[in-house]
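S.K.: Next up is a structure, given as C-alpha cells.
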Amino acid sequence: MPPYADDKEIKVTINRFNRELPRLTSKMQIDVSCSIGYAVYPVDANDFDNLLRIADRKMYADKNQLNGYTSIKQA
C-alpha cells in the first residue's frame with residue numbers, strides 16, 4: 001500500500017483482504033474472518049504506543065460489531 005492517502009483507501013484494502021481470505025482457504029471446511037485495526041501517523045497519534053492503542057481499539061470496535069466492515073472515524 002502506498003503512503004497514507006485517506007481512510008477510504010485503507011478501508012478498500014482491508015475489505016479486499018477480507019474478501020480474499022475465504023478463497024485462500026477454500027480447500028478447507030472452515031469459516032474465516034479477521035479483524036484489523038489501524039492507526040495512521042501522525043493523524044491518529046505521534047508515537048508508537050498510542051498508535052498501537054488506537055489500532056487495538058478500532059480492531060475491537062469492529063469485532064464487537066461482527067459485521068465485517070471497518071470502523072473509520074474522521075479526524
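Quick note: the coordinates plus some simple rules give every number you see, no bench work behind them. Not measured: the values here are computed from a predicted model.
S.K.: May I ask you to list the aspartates and glutamates whose Cα is less than 18 Å away from that of Lys63, ignoring any residue fewer than eight positions away on the same chain?
M.R.: Cα-Cα hits under 18 Å: Asp31.
S.K.: For Gly37, what residues show an amide H to amide H distance below 5 Å, using hydrogens built from the backbone and excluding near sequence neighbours?
M.R.: Correct list: Met59.
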